[in-house]
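Below is one structure, written out as structure tokens; comments come after it.
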Amino acid sequence: MSVRITGIGVVSAIGLSVQENLLALKESRTGIMPFSFLDDDKIFLAGAVKATNPVLKKESKTQSQFISRTTLLGLKAAREAYGNAKQHNQIRTGIISATSVGGMDQSEQFYNAYLDGTDADFAMLGTHDSGSTTERIAAELGISGYINTLSTACSSGANAIMLGARLLMQGKLDRVLVGGTDALTNFTVNGFRSLMIYDEQWCRPFDESREGLNLGEGAAFLLLENEKSIRFSGNRTLAFLNGWANAADAFHQTASSPEGKGATLAMQKAIEKSGISPSQISYINAHGTGTKNNDLSESVALTNVFGDQVPAFSSTKSFTGHTLAAAGAVEAVFSVLAIQNQLIYPNINFSTPITETGLEPVTILQAEKPVHAVLSNSFGFGGNNSSLVFSDHA
Amino acid sequence: MYYISAASTISHQPAFLNPGFSGMIEPLHAGSALINPDYKEYIEPGLLRRMSKILRMSVACSGACLKQGGIEHPDAIVVGTGLGCLLDTEKFLNHALTVKGLLPPTSFIQSTHNTMAGQISLSLGNHGYNMTHTQNSVSFENALLDAMLLIDEGEKHILAGAADEHIALLDEISKQLNVRSDSRFTSGASFFILSAEKSDQTLAGIKDAEAVGLVKNIPEQITAFLDRNNVSPEDLDLVLYAGSIVGTEDEEKGFQSFWKMENLHVINYLKYSGIYPTASAFALHFAVDKMQHTRSLKNILICNSLIQHNLGLILVQSVEA
């Protein structure tokens, strides 16, 4: 059981295209830097995309008066993944995006003006709802019909990829653009601060001294196509999506269970579905947010699934920051790149393993070993756990 | 066919735990309030205190639905919400912009769209597939399509539903933007058990559903949908609709003249549910309940174009006992 991936696109703190992202990953260069919002003097570490809204908007050629940063980032990555795909009346095309903040960056501007009693423009709120970000991207690409948005916090992006694969497998669509997008907002930065899991230092996934996450922003999309669609498009297959699963942890609204129940289930089911044996997994792109809770729970889950044979693993959130709903999609693109380029990425800022599990992520770029299969984890609030398995074969 | 084995709704209508409610509903008026069940029967008091309106509605509504269907553990939980947890979103947004220093995290935690689905899995101890769809006015249809896909993949019982909540700001927005509306903005929640097989519990069947984004030609889409399901317009006993399919002022006449059927029975369900993005979930319960109590109803089409560029279609069919 597998689905072909024929296009990828990504925008993150480490680059505005697939090639720029790949280069930074190869050079072990993080995109997390001191950052502050335009109207605020507070500086903190974040993985901001190095492009302003006016630049992104001009480049997007959109006619929309109001367009959220979430949409602009998503549109850029979606265009790269979609390539020069043409509409064809015999090819049923869909788009599934994931976002957790939607147009919150615009809503914040509105709400600030609204609270001040200055002339708040209510039309701005047309970009608020998450679905509208996907609609805008679809409209710019000329996609209509199946347009859907998933919002399951930090696992959203992986879930969009999973849903797309299921729709292809069940013959509902021939081609589907899947991914996620989220912009940095005051809302989320303050949110993670309120939970006291925002690290004021560079985040240190899987390290004993870890204190929390650094937020990032970005977007990534993948084009999934069936055989029929490929006959029309002539697209080359970059990699395959072989397995997927979503499971609920059912432990706590935000925290992961100490025994990693949901994470274990998601990984086990995804690997089982892929038909690839656990020992054949070359690399795990972990969720690895850098919070005390996630990294311990995920480490326990890795041990549950792989015993004492845990494959090479790392969290690329040490490069991009945590891009929330986009994370699953950004890391899916990194997984495809790992397979294409035979790369295992380092986990930056790691020095001491977590006492309880003793697991050590990869700390130096590995480019000498073949990478046939990659497991990618995405876990979210509400105990929403998803795992995807990518490989170089059907 | 996908079988509905249980249905539950919290709305302005006396639908909760009340089979036959479709015979006693009245259009919403300015003073009509949301009919809340006794939430304490479904949620422990400590938890209830922290829960926003949408969260308590979803947990109680889904709880009652599972009880009715005699299902302890559904194979999956799928929820649609157009605008998510607005109360907590506005609360945290307000805090983040006005309060200096450390903020209480509860409203941030409960602002995420999947709070409902997550909380339901938590209250059941359910480890199955857990999904939240948010595509404004067709969020419920997209959730329903996911549930149908899960049944196609071999699952047996899916808890599928939708919820949206009203905040005062929505009224102000619609006033400022001159949104024309023939009903009130409000809140609502509806949940269903969608099953792979017919049973004694079966209330009605869903033959098919569709959600079309950026729809170009609504009449053409409806015709194609019915054709695909071998149903002719003459077979339709009732059309429940929101919004206009042909852009006419008189929406009812629009339907009737479109199919050249003067006597076609059409009802604008927004008059009974009020307006919220996932009101088509109310329409589904309304259709199922009506079918249960009026045996002559065989085919009901729910036609949702609440937002003109989106179209949701659900074909409900009666199931012989």
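The values are calculated or read from the model by the stated rules, or taken from the named source; none is laboratory data. It should be emphasised that the depicted structure is a prediction, and the values quoted were computed from it without experimental measurement. Using ideal geometry, Cβ is built from the backbone for each residue, glycine included, and neighbour counts are taken over all protein chains shown.
Annotation note: of A:ALA250, A:ALA245, A:ALA266, the sole residue that is within 12 Å of another protein chain (Cβ to nearest Cβ) and on the phi > 0 side of the Ramachandran plot is A:ALA250. Please tell me if A:SER391 is at pLDDT 95 or above, in contact with a helix residue (DSSP H, G or I) (Cβ under 6 Å, 6 or more places away or on another chain), under 13 Å from A:GLY243 (Cβ atoms) and not hydrophobic (A, V, I, L, M, F, W, C). No. Of the strands (runs of 3 or more DSSP E) lying entirely inside the range B:244-321, those carrying at least 1 residues that are within 15 Å of the chain's Cα centre (by Cα) and over 21 Å from B:HIS12 (Cβ atoms) are B:299-304, B:310-317. Taken over the range B:90-130, the residue count meeting the criterion of being more than 8 Å from chain A (Cβ to nearest Cβ) and among the hydroxyl-bearing types (Ser, Thr, Tyr) is 3.
Scanning the range A:163-191 for residues that are farther than 27 Å from A:PHE232 by Cα, facing chain B (nearest Cβ under 8 Å), in contact (Cβ under 8 Å) with a residue 12 or more places away in the chain and not polar (S, T, N, Q) returns a single hit, A:PHE187. Taking the range A:109-133 as the range and being in a helix (DSSP H, G or I), in contact with a helix residue (DSSP H, G or I) (Cβ under 8 Å, 6 or more places away or on another chain) and more than 7 Å from every other protein chain (Cβ to nearest Cβ) as the test, the residues that pass are A:GLN109, A:PHE110, A:MET124, A:GLY126, A:THR127, A:THR133.
Which residue is farthest from the other protein chains (Cβ to nearest Cβ), if the candidates are limited to the range B:131-140 and must be in a helix (DSSP H, G or I) and under 20 Å from A:ARG166 (Cα atoms)? Among them, the one singled out is B:PHE140. Filtering the range A:269-284 to residues that are without any contact (Cβ under 8 Å) to a residue 40 or more places away in the chain and touching a strand residue (DSSP E or B) at 6+ places or on another chain (Cβ under 8 Å) leaves only A:GLU272.
Of the residues making up the range A:163-187, those that are among the polar types (S, T, N, Q) and buried (at least 23 other Cβ atoms within 10 Å of the Cβ) are A:THR181, A:THR185. Just checking, does the range A:57-69 include any residue being hydrophobic (A, V, I, L, M, F, W, C), more than 13 Å from chain B (Cβ to nearest Cβ) and touching a residue at least 24 places away in the same chain (Cβ under 8 Å)? There is at least one residue in the range A:57-69 that is hydrophobic (A, V, I, L, M, F, W, C), more than 13 Å from chain B (Cβ to nearest Cβ) and touching a residue at least 24 places away in the same chain (Cβ under 8 Å).
Close contacts from the range A:124-150, counting a first residue that is on the phi > 0 side of the Ramachandran plot and a second that is in a loop (DSSP other than H, G, I, E, B), with Cβ to Cβ under 6 Å and a gap of 6+ residues or different chains, come to A:GLY142/A:GLN87. Quick one: is A:ARG236 away from chain B (no Cβ under 14 Å) and out of contact with any Cys (no Cβ under 9 Å at 6 or more places or on another chain)? Against the criterion (away from chain B (no Cβ under 14 Å) and out of contact with any Cys (no Cβ under 9 Å at 6 or more places or on another chain)), A:ARG236 qualifies. Against the conditions (1) of a type in the set (Val, Ile, Thr); (2) at pLDDT below 95; (3) assigned to a loop (DSSP other than H, G, I, E, B); (4) crowded, with 17+ Cβ neighbours inside 10 Å, B:VAL215 satisfies every one except (2).
For B:THR186, only one of the following conditions fails: (1) within 19 Å of the chain's Cα centre (by Cα); (2) assigned by TED's automatic domain parsing to the domain that holds B:SER296; (3) touching a residue at least 40 places away in the same chain (Cβ under 8 Å). What is its number? Going through the list (1) within 19 Å of the chain's Cα centre (by Cα); (2) assigned by TED's automatic domain parsing to the domain that holds B:SER296; (3) touching a residue at least 40 places away in the same chain (Cβ under 8 Å), B:THR186 breaks only (2). Looking across A:SER335, A:SER297, one residue alone is touching a Gly at 6+ places or on another chain (Cβ under 7 Å), touching a residue at least 24 places away in the same chain (Cβ under 8 Å), surrounded by 24 or more Cβ atoms within 10 Å (Cβ to Cβ) and not charged (D, E, K, R). It is A:SER297. Within the range B:117-134, restricting attention to residues that are of a type in the set (A, V, I, L, M, F, W, C) and under 16 Å from A:SER155 (Cβ atoms), which residue is surrounded by the fewest Cβ atoms within 10 Å (Cβ to Cβ)? Per the criteria, the residue is B:LEU122. Evaluate the following for B:ALA143: is it under 26 Å from A:MET169 (Cβ atoms), more than 8 Å from chain A (Cβ to nearest Cβ) and of a type in the set (Gly, Ala, Ser)? Considered against the rule, which asks whether it is under 26 Å from A:MET169 (Cβ atoms), more than 8 Å from chain A (Cβ to nearest Cβ) and of a type in the set (Gly, Ala, Ser), B:ALA143 comes out as yes.
Does the range A:142-162 hold any residues that are surrounded by 24 or more Cβ atoms within 10 Å (Cβ to Cβ) and at the interface with another protein chain (Cβ under 7 Å from one of its Cβ atoms), and which are they? Once the filter is applied, which keeps residues that are surrounded by 24 or more Cβ atoms within 10 Å (Cβ to Cβ) and at the interface with another protein chain (Cβ under 7 Å from one of its Cβ atoms), the range A:142-162 yields A:ILE147, A:ASN148, A:THR149, A:LEU150, A:SER151, A:THR152, A:ALA153, A:ASN159. Output the residue which, of all residues in the range A:99-108 that are over 23 Å from A:ASN159 (Cα atoms) and within 10 Å of another protein chain (Cβ to nearest Cβ), is surrounded by the most Cβ atoms within 10 Å (Cβ to Cβ). Filtering the range A:99-108 for residues that are over 23 Å from A:ASN159 (Cα atoms) and within 10 Å of another protein chain (Cβ to nearest Cβ), the one surrounded by the most Cβ atoms within 10 Å (Cβ to Cβ) comes out as A:SER107. Considering only the range A:82-103, I want to know if a residue exists there that is of a type in the set (A, V, I, L, M, F, W, C) and in a helix (DSSP H, G or I). No, there is no match, as no residue in the range A:82-103 is of a type in the set (A, V, I, L, M, F, W, C) and in a helix (DSSP H, G or I). Within the range A:303-311, none of the residues are among the hydrophobic types (A, V, I, L, M, F, W, C) and either touching a strand residue (DSSP E or B) at 6+ places or on another chain (Cβ under 7 Å) or under 18 Å from A:SER17 (Cα atoms) (or both).
Taking the range A:268-294 as the range and being buried (at least 24 other Cβ atoms within 10 Å of the Cβ), of a type in the set (A, V, I, L, M) and not in a loop (DSSP other than H, G, I, E, B) as the test, the residues that pass are A:ALA270, A:ILE284.
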